[in-house]
Amino acid sequence: MSIIRDIGLAEMGRRKIEWAKSFMPVLNELEKEYSKTKPFKGLSITVSVHLEAKTANLALLLAAGGADVHVTGSNPLSTKDDICAGLSTLGVNVWAWHNCTPEEYKEHHTAALSCHPHLILDDGGDLTDILHGSCREFSDRLIGATEETTTGVMLHKQRAAKGQLNFPVIAVNDADMKHLFDNRYGTGESVWDGIMQTTNIQISGKTVVVAGYGWCGRGVAMRAAGLGANVIVTEIDPVKAIEAVMDGFRVMKMDDAAPLGDFFCTITGCKGVIVDRHFAKMKNNAFLSNAGHFDCEVDVAWLRNNSKERIMRRPQIEGYVQADGRILNVLCEGRLVNLAGGNGHPVEIMDMSFGVQALALEYLAKHGTKLEKGVYDVEPEIDARVSAIKLSACNIGLDVLTEEQHKYLFG
């Protein structure tokens, strides 16, 4: 069973899913294996992801592995209706549609969990919140979960520290084959793809302010510089701030950066990063975007309540007219600009991340009942497996230590 908007979009969705599959060697290799071994046979898996073509292929891989798969979106604006329709005709239960209301969003997540899953794949912690709150009864068969995002891992660790996490969670975001590539290169490319598609404004020569210099912020700053922008980084961590300086970027407080920026991108995982005192200093026609998981980094609510006027300037761009006539442009309602305004991460990047996800779920299926409640790192063997498949697909060979070299290094 599925709840989608328009089944008539199914053929278009299937074409997009098949296109992405053509560039996902890691998932394709795992599909060959899972079709034979069926590691998820007899298990129900609920997945909350940014529901587009690449993640559809992850859902299909889990189904090929024998799972009863139920998928919902992890962000209302990133869900693609044609993908939902296409996926629902390929043996996966889909509960989502684009631009759903907050009430519908909760209903879709609840419906996706109503199968009483054995495993969940979470992206930002929404499924976990429901299973710890309004729908605890749906966790009666739950073995464990995986978490895709920096924000989600942070929330799970907070819950675990308080003794309030009710099942084991594998922090997929922290795996090397996820954050080193997905967060840095994937976010770096997709954020600017989203901003440029949405605005059609030149980046070269502009001043770009990047809030946060974690792996995602590094990628956004690096790609902005590559496009010819003058990059300013804001940070709260002194080590990351020094790193940004050494990487060639100016570092300052947001209060000082606010009047200088043409483009702003928040990517911190925190709330209230750009607020009213910053808005008061910004240039006319400054662009405000967010690439953190939740839409609380730019205080769009303050703009809605205190601006002189709100006007739709282009699709996905709201202009907030200030008392002095300045217009501040908010992209994609302050939600994830790379997914709501663009195509999301490149296919090859997500292929590696989703390979880690699939193998982590397989690990939980085999070993999860022996794990205590808490947050766990991805097993090193999983990183090694994904990297080996990727290197093979790229026809890249590695040197191998001789016996003498191995002895020299390791004794």
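Calculated over region 188-269, the projected area of the Cα convex hull averaged across directions stands at 4.9 nm².
Please sort 41-53, 230-242 by packing, taking for each peptide the average over its residues of neighbouring beta carbons within 10 angstrom, highest first. All intermediate terms of the calculation are to be shown ahead of the outcome.
Values: 41-53: 23.6, 230-242: 17.6.
With the highest mean Cβ count within 10 Å placed first, the list reads 41-53, 230-242.
The translational diffusion coefficient of region 355-411, from Stokes-Einstein at 37 °C and 0.692 mPa s with a Kirkwood hydrodynamic radius over alpha carbon pairs, comes to 234 µm²/s. Gaussian network model of the chain, Cα springs within a sub-10 Å range: biggest mean-square fluctuation belongs to which of Gly13, Gly73, Gly397? Highest fluctuation among the options: Gly397.
Using the Cα centre as the reference, give the magnitude of the dipole from point charges on the C-beta atoms of the chain (Lys, Arg: +1; Asp, Glu: -1; all else neutral), rounded to the nearest 20 debye.
On the way: 42 positive and 52 negative charges, 114 e Å.
Here the chain has a charge dipole of around 540 debye.
Probing with 1.4 Å while keeping every protein chain in the model, the per residue accessible area of region 225-328 equals 51 Å². Placing Glu31, Glu362 in order of accessible area, with the largest value first and a 1.4 Å probe, yields Glu31, Glu362. The accessible-area ordering, largest first, of the residues Asp299, Asp256 stands as Asp256, Asp299, per a 1.4 angstrom probe. Taking θ as phi - 60° and the Karplus parameters 6.51, -1.76 and 1.60, the scalar couplings of region 114-130 work out to 5, 6, 6, x, 7, 9, 10, 10, 10, 9, x, x, 5, 4, 4, 4, 5 Hz in sequence order, x denoting glycine and proline.
I'd like the carbon and sulfur percentage of the solvent accessible area for region 37-160, probe radius 1.4 Å, heavy atoms only, ligands and nucleic acids excluded. Can you show the working numbers first?
Numbers: 1950 of 3610 Å².
With neighbouring chains kept in place, the figure for region 37-160 is 54 percent.
Would you mind counting up the charge near Ala280? Only other residues with Cβ under 13 Å from its Cβ, with Lys and Arg at +1 and Asp and Glu at -1. Combined, the nearby Lys, Arg, Asp and Glu give 0.
Sorting 199-205, 1-7, 353-359, 384-390 by their mean Cβ neighbour count within 10 Å, with the most densely packed peptide first, gives 353-359, 384-390, 1-7, 199-205.
Amide H contacts for Val209 (H built 1.01 Å from N in the peptide plane; partners 5 or more residues away or on another chain; cut-off under 5 Å): Ile232, Asp262, Phe263, Phe264, Cys265.
What does the accessible area per residue of region 91-214 come to in Å², with a 1.4 Å probe and no ligands, DNA or RNA counted? Mind dumping the intermediate values first?
On the way: 4320 Å² over 124 residues.
Spelled out: the 1.4 Å probe surface of region 91-214, per residue, equals 35 Å².
Taking a threshold of 31 Å on the Cα-Cα distance, which of the pairs Lys16/Lys366; Lys38/Lys373; Lys157/Lys281; Lys16/Lys370 fall above it? Where the Cα-Cα span goes over 31 Å, the pairs concerned are Lys16/Lys366; Lys157/Lys281; Lys16/Lys370. Computed from backbone phi, the HN-Hα couplings of region 404-411 come to 5, 5, 4, 5, 4, 7, 10, x Hz, rounded to whole numbers (Karplus: 6.51 cos²θ - 1.76 cosθ + 1.60, θ = phi - 60°; Gly and Pro given as x). Applying both filters, DSSP loop and at most 16 other Cβ atoms within 10 Å, to the trypsin sites (Lys or Arg not before Pro) of region 138-177 gives Arg141, Lys162. Put the Cα centre of region 42-106 next to the Cα centre of region 352-390 and the gap is 21 Å.
Report the charge-dipole magnitude of region 272-411 in Debye, nearest 20, computed about the Cα centre from +1 at each Lys and Arg Cβ and -1 at each Asp and Glu Cβ. Each step should come with its number before you reach the end.
On the way: 16 positive and 19 negative charges, 179 e Å.
With only Lys, Arg, Asp and Glu charged at Cβ, the dipole is about 860 debye.
Computed with a 1.4 Å probe over protein heavy atoms only, the accessible area of Ser35 comes to about 60 Å².
The values are calculated or read from the model by the stated rules, or taken from the named source; none is laboratory data. On a predicted model such as this, the values are computed, not experimentally measured, just so you know. Here the Cβ is made from the backbone with ideal geometry for all residues, glycine too, and neighbour counts use every protein chain on show. Side chains are part of the model used for accessible areas, which takes the heavy atoms of the whole protein and leaves out ligands, DNA and RNA. Shrake-Rupley method; radii C 1.70, N 1.55, O 1.52, S 1.80 Å.
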